[in-house]
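To keep things clear, I will list the structure first and then write my remarks on it.
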Amino acid sequence: MIPIIAIDGPTASGKGTVAQRVAQQLGFHYLDSGALYRLVGLASQQSGIEFLEPLLLKELCLHMEIEFRDGGIFLGKEDVTEAIRTEEMGKRASSAGAVPEVREALIQVQKSFLKPPGLVADGRDMGSVIFPQAQLKVFLTADAKIRAQRRYKQLIAKGISANIDILTKDLVERDLRDTQRETAPLVQSEDAFLLDTSDQTIEEAVNRIIGLYQQIK
Ligand code: DC
């Protein structure tokens, strides 16, 4: 069986960076499932499809030409690596993720990332829905205030102006939508290991996950 490490958790918990580094150190493939929902957010905006039109959204998902190449993300021929990282696309991704037809349409593409020698997948439902067979499931979280501060620093470092109060409010709203939706909500599965990174560095979280993986493999 191809080994899988599923890392789920709320927005700005550090999942992306941690998961990417774990994959790198183990020489595994990496799935950033949030990027797929962000792509739906962007593609639907470009084609003027709203979230109340689930069948149109499903068609859009099934026909999106997505490519993860050379560290970048492409939608058709367009390099959208940066365009999908905005707060607006995060919100649109969260709304798209609440549409069951979108989730269903993205199942196959997510599963197609599973290839030898192994996969590290990060998102909201990696361990609960997409890869329930994962050998290691981690629920990575951190205090909401600390997550908002981390997001703030990231945006400022990129030269994007940000307001910490608005960021905190948006983050709490996004948590709520991601945990309350009916299909595949963000939950800590019973078999997931809880890792709270409020007082941890990226390095410590990475080492902890690799340590856990080495114990069970
Ligand atoms: O991980 P992220 O912040 O890039 O994800 C953006 C949004 O996409 C998130 O708020 C909810 C949605 N999402 C989802 O519904 N399921 C996933 N597996 C990953 C992301």
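Rule-based calculations on the coordinates, nothing more; no lab input. Quick caveat, the model's predicted, so the values are computed rather than measured. All Cβ positions, glycine included, derive from the backbone under ideal geometry; neighbour counts span all protein chains shown.
Among the trypsin sites (Lys or Arg not before Pro) within the range 111-210, which fall in a DSSP loop and have no more than 12 other Cβ atoms within 10 Å of their own Cβ? Passing sites in the range 111-210 are K158. Could you work out how far apart the two model spin labels at T17 and I156 are, taking each label as a point 7 Å from the Cα in the direction of the beta carbon, and quote it in nm? Once both label points are built, they end up 1.4 nm from each other. Once each of the GluC sites (Glu not before Pro) sitting in a DSSP loop with at most 14 other beta-carbon atoms within 10 Å is removed, the chain keeps 83-181 as its longest stretch. When the pairs K77/K158; K111/K137; K111/K153; K15/K145 are compared against a 21 Å limit on Cα-Cα distance, K77/K158; K111/K153 fall above it. For A134, no residue has an amide H sitting under 5 Å from its own, ignoring neighbours fewer than 5 places away on the same chain, with H placed 1.01 Å from N. Enumerate the residues in the range 90-125 having an amide nitrogen under 17 Å from the point lying 7 Å beyond the Cα of Q133 toward its Cβ. Once the point is set 7 Å along Cα→Cβ of Q133, 107-121 turn out to lie under 17 Å by backbone N, inside the range 90-125. Taking 0.692 mPa s as the viscosity and 37 °C as the temperature, the Stokes-Einstein diffusion coefficient of the chain based on its alpha-carbon Kirkwood radius rounds to 187 µm²/s. Applying 1/(1 + (r/R0)^6) with R0 = 25 Å to the Cβ-Cβ distance of D70 and E204 gives a FRET efficiency near 0.25. 3J(HN,Hα) along the range 112-121, derived from phi through the Karplus expression 6.51 cos²θ - 1.76 cosθ + 1.60 where θ = phi - 60°, amounts to 5, 6, 6, 9, x, x, x, 9, 10, 10 Hz, with x in place of Gly and Pro.
Between amide H atoms placed 1.01 Å from N, distances below 5 Å from H29 occur with G118, L119, V120, all of them 5 or more places distant or on a separate chain. In order along the range 182-195, the Karplus-derived 3J(HN,Hα) couplings, from 6.51 cos²θ - 1.76 cosθ + 1.60 at θ = phi - 60°, round to 6, 8, 6, x, 6, 9, 8, 5, 4, 8, 9, 8, 7, 10 Hz, and Gly and Pro are given as x. In terms of the Cα gyration tensor, with a ≥ b ≥ c the square roots of its eigenvalues, is the range 48-157 rounded because a/c is under 1.5, prolate because a/b exceeds b/c, or oblate? Rounded, since a/c falls under 1.5.
Going by the alpha-carbon gyration tensor, a ≥ b ≥ c the square roots of its eigenvalues, is the range 36-90 rounded (a/c under 1.5) or, if a/c is not under 1.5, prolate (a/b greater than b/c) versus oblate? Oblate, because a/c is 1.5 or more while a/b does not exceed b/c.
Of all DSSP beta bridges confined to the chain, the antiparallel ones make up roughly 25%.
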